[in-house]
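Engineer: Before we start, here is the structure in question, set down as structure tokens.
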Number of protein chains: 2
Amino acid sequence: MKQELERLNDEQAVEIFKALSNQTRVSILQMLKDPDRHFSPQAHIIADEGFVGGVCVGDIRSKAGISQSTTSQYLSILLQSGLVEMKRIGQWTYYRRNEETIKKFEKYIGTKI
Amino acid sequence: MKQELERLNDEQAVEIFKALSNQTRVSILQMLKDPDRHFSPQAHIIADEGFVGGVCVGDIRSKAGISQSTTSQYLSILLQSGLVEMKRIGQWTYYRRNEETIKKFEKYIGTKI
DNA sequence: GGTTAATATATAAATATCGCGAATTACCGA
DNA sequence: TCGGTAATTCGCGATATTTATATATTAACC
């Protein structure tokens, strides 16, 4: 979901709550906070200045300990909520946190909840 | 869920995310933020100094526009997550926000997410 | 005690989520 | 174009959530 407005509305917030209402998805988001510590270095992504901090699906899968299909589905839920963004580079799809949305979410919690 | 520790753990946070992954429950929590504006004055609760800000189930039900049993269940989900607290006074059950938990939740979002 | 009002709980049916394996698609290199 | 690897989509059974109706509980009142 594109986040173009200044603030999250209730509907977007509920979608984020749903995305985070699963321990594995929360863990994925947490691991993506510090990719260098949680994942092995990604030569390709380091070379590509356009998507620093991105981690490919396979690496997330092995760290999260879930199947490939579940990983893909969970990442698409996180993407849909706006908490992460993705970029396909060659045959890999890289995901990283969308700090802008996360910041808006923080603000929502602080003001609307 | 009793909140006795300083910080929320991941499990407690996920339970809160689940509680908030429903628009109606979010609305209830928001309405409880300013009872005076959203609900008619409660003579009984004003008299009882022990539970300022509490709103009875029936009032929440009519404002939320959901059935009595759904209201009861939603409130119990919110209670279980620690986001609200309740007190029975006479034949009424009053619910109000648990600001302590909400503050811990905010802190969790800011540091762990 | 009997009645009534306010909540809670039990039950049930529809819908959604979980998490997997299999099939499919996307991309790359030879 | 073929084969291999990465990722997504599909289909499934199991589990959980949603929300209502019906019933039970609790407290107040006569």
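Engineer: How big is the dipole moment of the protein assembly as shown about its Cα centre under a simple scheme where the beta carbon of each Lys and Arg is +1, that of each Asp and Glu is -1, and everything else is neutral? Debye, nearest 20, please.
Structural biologist: Roughly 280 debye for the protein assembly as shown.
Engineer: With +1 assigned to the C-beta of every Lys and Arg and -1 to the C-beta of every Asp and Glu, and no other charges, what is the dipole magnitude of chain B about the Cα centre in debye, to the nearest 20?
Structural biologist: Working: 16 positive and 14 negative charges, 51 e Å.
That gives a dipole near 240 debye.
Engineer: Another question, if that's okay. Could you list which residues have their amide H under 5 Å from that of A:Val55, counting only those 5 or more apart in sequence or on another chain, with H placed in the peptide plane?
Structural biologist: Under 5 Å from the amide H of A:Val55 lie the amide H atoms of A:Tyr95, A:Arg96, each far enough along the sequence or on another chain.
Engineer: Compute the longest continuous run of chain B that contains no exposed GluC sites (Glu not before Pro); treat a site as exposed when its DSSP state is not H, G, I, E or B and it has at most 12 other Cβ atoms within 10 Å.
Structural biologist: Answer - B:7-113.
Engineer: Can you show me the helix-derived [θ] at 222 nm for the protein assembly as shown, built from DSSP H runs with n ≥ 4 at -39,500 (n - 2.57) apiece and divided by the number of residues, rounded to the nearest 500.
Structural biologist: Computed ellipticity for the protein assembly as shown at 222 nm equals -16000 deg cm²/dmol.
Engineer: If you put a point 7 Å past Cα along the Cβ direction, how far is that point for A:Lys107 from the same point in each other copy, in nm, smallest first?
Structural biologist: The projected label point of A:Lys107 is separated from its counterparts by 2.4 nm.
Engineer: Another question, then. Could you calculate the FRET efficiency of B:Ser40 with A:Lys107 from 1/(1 + (r/R0)^6), where r is the beta carbon distance between them and R0 is 35 Å, rounded to 0.05?
Structural biologist: For B:Ser40 and A:Lys107, the calculated efficiency is 0.65.
Engineer: Normalised by the residues of chain B, what does the relative contact order come to in percent, with Cα pairs under 8 Å and at least six apart?
Structural biologist: Once normalised by length, the contact order is 31 percent.
Engineer: Another question, then. Would you kindly work out, in nm and rounded to one decimal, the distances from the label point of B:Pro41 to those of the same position in each other copy, ordered shortest first, with label points 7 Å along Cα-to-Cβ?
Structural biologist: In nanometres, ordered from closest: 7.1.
Where a number appears in this text, it was derived from the coordinates with a stated rule and is not lab data. It should be emphasised that the depicted structure is a prediction, and the values quoted were computed from it without experimental measurement. Using ideal geometry, Cβ is built from the backbone for each residue, glycine included, and neighbour counts are taken over all protein chains shown.
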